[in-house]
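Below is one structure, written out as structure tokens; the observations come after it.
The values are calculated or read from the model by the stated rules, or taken from the named source; none is laboratory data. The shown structure was predicted, so the numbers you read here are calculated from the model rather than taken from an experiment. Don't worry about glycine lacking a Cβ; one is built from the backbone with ideal geometry, like all the others, and counts go over all protein chains shown.
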Amino acid sequence: MSEGRSPWRAALGAMVGLRTRADFERDVAGLNIKHVLAAGVVLMILFVGTLVTIVRWVTR
């Protein structure tokens, strides 16, 4: 993996929407799409799980 290129950072940046065109182009050239997709799935599961936990905690 190249320095500064992390599938976790790419997936999180895409979820939040704070990716610049230059970052996107650099990620496309240097990251394996399977790693980015796997990181995205894990982050979405954690996000949804956190939301469900918060809602259950608040509505008790």
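Please count how many residues of segment 33-44 are farther than 10 Å from L12 by Cα and either surrounded by 12 or more Cβ atoms within 10 Å (Cβ to Cβ) or modelled with pLDDT of 90 or more (or both). Residues in segment 33-44 being farther than 10 Å from L12 by Cα and either surrounded by 12 or more Cβ atoms within 10 Å (Cβ to Cβ) or modelled with pLDDT of 90 or more (or both): 6 in total. Here is the figure for segment 35-60: residues that are of a type in the set (F, W, Y) and in contact (Cβ under 8 Å) with a residue 12 or more places away in the chain total 1.
Does at least one position in segment 18-32 carry a residue that is assigned to a helix (DSSP H, G or I), surrounded by 14 or more Cβ atoms within 10 Å (Cβ to Cβ), aliphatic (A, V, I, L, M) and in contact (Cβ under 8 Å) with a residue 24 or more places away in the chain? Spell out the reasoning first.
Residues of segment 18-32 that are assigned to a helix (DSSP H, G or I), as a first pass: 21-30.
With surrounded by 14 or more Cβ atoms within 10 Å (Cβ to Cβ) added as a condition, the list becomes 23, 26-27.
The next check asks that each one be aliphatic (A, V, I, L, M); those that pass are none.
No, the conditions are met nowhere in segment 18-32.
Which ones in segment 7-17 are in contact with a helix residue (DSSP H, G or I) (Cβ under 9 Å, 6 or more places away or on another chain) and either without any contact (Cβ under 8 Å) to a residue 24 or more places away in the chain or basic (K, R) (or both)? Listed by number, the residues that qualify are R9, G13.
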